[in-house]
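Enquirer: Mind looking over this structure? Questions follow.
What follows draws every value from the coordinates through simple rules; no lab data is involved. Quick caveat, the model's predicted, so the values are computed rather than measured. Cβ coordinates were reconstructed from backbone atoms using ideal geometry, including for glycine residues, and neighbour counts include every protein chain displayed.
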Amino acid sequence: MYGLGIWRGLQVTLTHFVNTYLDDIKWGFRRHIHPDAFAERQSLAARGVFTVEYPDEKLAVPERFRFIPFLVVENYDHPDRPGYDWCTSCGICAKVCPPQCIWIVRGKHPDTGRPKPEPEAFFIDIDICMNCGYCAEFCPFDAIKMDHDYELASYDRTSAHIYDKQKLSKELRYWQSIAPTYAEQEADARGGWEHKDVLKQRDKAAKAAQAEVTDKTD
């Protein structure tokens, strides 16, 4: 019958419209802030409007979500290397970056003037960054990761969107908190939670100690 499909569509819309207000009453008009309301609305038990009403409601991002990169540093309460950079300023991330938005200044020893494996300065223009993740993928030291913070809008398009080393540096525990499964997989492949250089030094020291014990026994 002509017009029956239109009526059925309007009926569905009206049902969702009414259920939305009934859902508000159910949660005491706290649907946007109640800890259990959002989880229910994302399940099969949802009623009413299905749209995520951002910014009052926000979807949880997956572990491999990619946004602006950040630099991994040792935890600030690390017993031996508090806040130490994992980045060795090798420059691979800057070379593979498609829009060329990464700029690194390699550190130098104050006495000899020779280069040292630490970045003196590290800048990323987040307005140019395309969030591809190449920098994190190609980093040989797992020193650069993709962040989950996507609310970066501001009225300043010059200095506010050029992130320096201080703004980019975040503790290892931050990476473990936003991507626990991914971080554990990397640690297993790396051989531990520490930086590769630390793991190499420990392995070298262990081998030297074992060799010394062997020489004494012989």
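Enquirer: Please give the Cα centre distance for the stretch 56-88 versus the stretch 101-148, rounded to the nearest Å.
Expert: Answer, in whole Å: 14.
Enquirer: Could you work out how much longer the chain between Ala60 and Arg114 gets when fully extended? Use 0.36 nm per residue separation minus the Cα distance between them, nm to one decimal.
Expert: So the extension gain works out to 14.9 nm.
Enquirer: Further question on the same structure: Let me spell out the model: positive unit charges on the Cβ of Lys and Arg, negative unit charges on the Cβ of Asp and Glu, origin at the Cα centre of the stretch 69-191. What dipole size does that give, in debye rounded to 20?
Expert: Charge dipole of the stretch 69-191: 440 debye, to the nearest 20.
Enquirer: When the chain is fully extended, how far beyond the present Cα-Cα distance does Arg202 get from His34, taking 0.36 nm per residue of separation?
Expert: Full-extension gain reported as 55.6 nm.
Enquirer: Filter the trypsin sites (Lys or Arg not before Pro) in the stretch 155-218 to those in DSSP coil with at most 15 other Cβ atoms within 10 Å of their Cβ, and list the result.
Expert: Qualifying residues, ordered by number: Arg157.
Enquirer: Here is a follow-up. Tell me the label-point distance for the pair Arg81, Ile128, using the 7 Å Cα-to-Cβ offset, in nm and rounded to one decimal.
Expert: 2.9 nm
Enquirer: Which one of Val198, Ala211, Tyr182 has its Cα pushed farthest toward the positive end of the charge dipole of the stretch 164-216, where Lys and Arg give +1 and Asp and Glu give -1 at the Cβ?
Expert: Val198
Enquirer: Given Cβ point charges of +1 (Lys, Arg) and -1 (Asp, Glu) and nothing else, what value in debye, to the nearest 20, does the dipole of the chain about its Cα centre take?
Expert: Dipole of the chain, to the nearest 20 debye: 400 debye.
Enquirer: Another question, if that's okay. Taking every eigenvalue of the Cα gyration tensor of the chain, multiplying by 5 and rooting it, what semi-axes result, largest first, whole Å?
Expert: One finds semi-axes of 50, 24, 15 Å for the chain.
Enquirer: On to the next question. Please tell me the relative contact order of the chain in percent, rounded to the nearest whole number, where contacts are Cα pairs under 8 Å and at least six residues apart.
Expert: 19 percent
Enquirer: Going by amide H atoms built from the backbone, whose H comes under 5 Å of the H on Glu118, apart from near neighbours?
Expert: Under 5 Å from the amide H of Glu118: Gly107.
Enquirer: Dipole of the stretch 36-79 (Lys/Arg Cβ +1, Asp/Glu Cβ -1, origin at the Cα centre): which of Ala60, Phe70, Leu44 lies farthest to the positive side?
Expert: Sorting the options by dipole projection puts first Leu44.
Enquirer: May I ask you to derive the relative contact order of the stretch 1-60, considering only C-alpha pairs under 8 Å and at least 6 residues apart, and to give it as an integer percent?
Expert: 33 percent
Enquirer: Please identify the GluC sites (Glu not before Pro) of the stretch 123-218 that satisfy two criteria: DSSP loop assignment and at most 10 other Cβ atoms within 10 Å. Which are they?
Expert: Here the sparse-neighbourhood loop sites are Glu151.
Enquirer: FRET efficiency for Lys95 and Val12, Cβ-Cβ distance as r, R0 = 45 Å, nearest 0.05?
Expert: Working from the Cβ atoms, E equals 0.25.
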